[in-house]
Amino acid sequence: MNATPRRRWNLLNTLFLTGTLAAAAIAVPLHLAFNGFRLAEWITCLVMVFAIGTAISAGYHRLFSHRAFKASWPVRFLLLAFGSASFENSALKWASDHRVHHHHVDDEAKDPYAIGKGFWYAHWTWVMEEKALPLSGVADLEQDPLIRWQHRHHFLIGAVVASIPLWIGLALGDFWGFAIIAVLLRIVLTHHTTFLINSAAHVFGTRPYSEASSARDNWVLAPLTYGEGYHNFHHTWQWDYRNGHRWYHWDSTKWILNGLRWTGLVHGFRRVPAAAIERARLEMEALKLDQRLDRHEPALAHPLKERLAHARLQLDLAMAALHECRVGLKAKRAAWRAEWKAKGLARQARKEERAEAWRQARAEWQAVLAHHREQLKEAWIEWKAARSAARSALVYA
């Protein structure tokens, strides 16, 4: 019988992760006991936590790992510089590990931080293991000179950025207070908020869009992780620049990127169509109802399952038709504008003729859209009725 291989530890990573946590657990209470609560220290700490965490979420994760949008070099530089201060390796290595995770999610042999090996393994033990994880699938990132520069010097860059609070502390005559709260504690908070996505977001929460992986949506995690808490959505559509796709979903990274969009510094946002999101959600809802109905007598379950299947099919078709109509009308609108631009009529005549043609075309398009919206409304009514009938039957069965 083969013995279980002995786990080997990476001494530097282990000492750094456990050492900063232990030091913070001792130093922070002592500092508060002897010096009290100092607002400037905590504001600086939280600002640094937010800035560095956002650099991981927007930069390391959404921009570099998933190419969810494009950014100009000043934005890339800032994301790489502040991301370095997370002390979670370079963007190149981080993206390599993360792409492998997505490609082999939940595969205990290949996923670098497979949740199947345990909560704490996925949270941070995997970082402390002595194991070779070579760069993989990041040839596109290696073409960027900024990423190559950061890969070579990430620890030094991170040390410079992480030391910003020390200069503030010196200016305010509170060097050691800022060192404990805004440097030491900040490092620990950055680590463990990031690590929650690998651990808690694969254990706690719901799977509204797909059960293909252990990833879960958890609104409680979202504010702690700069919007990364909607993890089931992310694993279903990893290339979307959003994690919280609804306007009310807490996704501070998405909001910041939307703000930067107006400056022209970021562009090329990728997002999944709303119809695809809704269809995936409905498919999961129908699947769960089917599974519950399977536990009841066929005489009860069979007609309800047929009604649900028919209603969902009609809803799928109506959503697809509306989406295709919108895409088609957008293309027609662009072609219409190009055609009128090419006509080259006299300015005033062209203006009047174009205005009249536009009114006619818009009326036709609005009529087509209204038809498809009415079909979708009817399909929704039927789906809700079928769902309500199934749920009622399950309650009283």
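The values are calculated or read from the model by the stated rules, or taken from the named source; none is laboratory data. Everything numeric here is computed off the predicted structure, so don't read it as measured data. Positions of Cβ are backbone-derived with ideal geometry, glycine not excepted, and every protein chain shown enters the neighbour counts.
Listed here are the residues, each with its yes/no results for (1) assigned to a helix (DSSP H, G or I); (2) modelled with pLDDT of 80 or more; (3) touching a helix residue (DSSP H, G or I) at 6+ places or on another chain (Cβ under 9 Å).
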{"position": "H302", "(1), (2), (3)": "yes, yes, yes"}
{"position": "L308", "(1), (2), (3)": "yes, yes, yes"}
{"position": "R312", "(1), (2), (3)": "yes, yes, yes"}
{"position": "A321", "(1), (2), (3)": "yes, yes, yes"}
{"position": "R326", "(1), (2), (3)": "yes, no, yes"}
{"position": "A335", "(1), (2), (3)": "yes, no, no"}
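From the residues in region 251-267 that are within 10 Å of Y226 (Cα to Cα) and hydroxyl-bearing (S, T, Y), which one is surrounded by the most Cβ atoms within 10 Å (Cβ to Cβ)?
Ranking the qualifying residues of region 251-267, first place goes to T253.
Here is a check on your reading of the model: is R270 in contact with a strand residue (DSSP E or B) (Cβ under 9 Å, 6 or more places away or on another chain) and surrounded by fewer than 22 Cβ atoms within 10 Å (Cβ to Cβ)?
So R270 does not fit the description; no.
Looking only at region 230-273, count every residue that is touching a helix residue (DSSP H, G or I) at 6+ places or on another chain (Cβ under 9 Å), farther than 19 Å from N198 by Cα and of a type in the set (F, W, Y) and tell me the total.
Final tally of qualifying residues: 1.
Matching residues to (1) at negative phi; (2) surrounded by 16 or more Cβ atoms within 10 Å (Cβ to Cβ); (3) among the charged types (D, E, K, R):
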{"position": "L92", "(1), (2), (3)": "yes, yes, no"}
{"position": "R148", "(1), (2), (3)": "yes, no, yes"}
{"position": "L172", "(1), (2), (3)": "yes, no, no"}
{"position": "I181", "(1), (2), (3)": "yes, yes, no"}
{"position": "L184", "(1), (2), (3)": "yes, yes, no"}
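Inspect region 182-191 for any residue being more than 19 Å from T125 (Cβ to Cβ), within 32 Å of the chain's Cα centre (by Cα) and of a type in the set (G, A, S) and give the result as yes or no.
Checking region 182-191: at least one residue is more than 19 Å from T125 (Cβ to Cβ), within 32 Å of the chain's Cα centre (by Cα) and of a type in the set (G, A, S).
For the subset of region 197-242 comprising residues that are farther than 15 Å from G116 by Cα and aliphatic (A, V, I, L, M), which member is nearest to the chain's Cα centre (by Cα)?
Looking at the filtered set, the residue picked out is A222.
Could you tell me how many of the residues in region 88-130 are among the charged types (D, E, K, R), in a loop (DSSP other than H, G, I, E, B) and either in contact (Cβ under 8 Å) with a residue 12 or more places away in the chain or under 22 Å from G59 (Cα atoms) (or both)?
4
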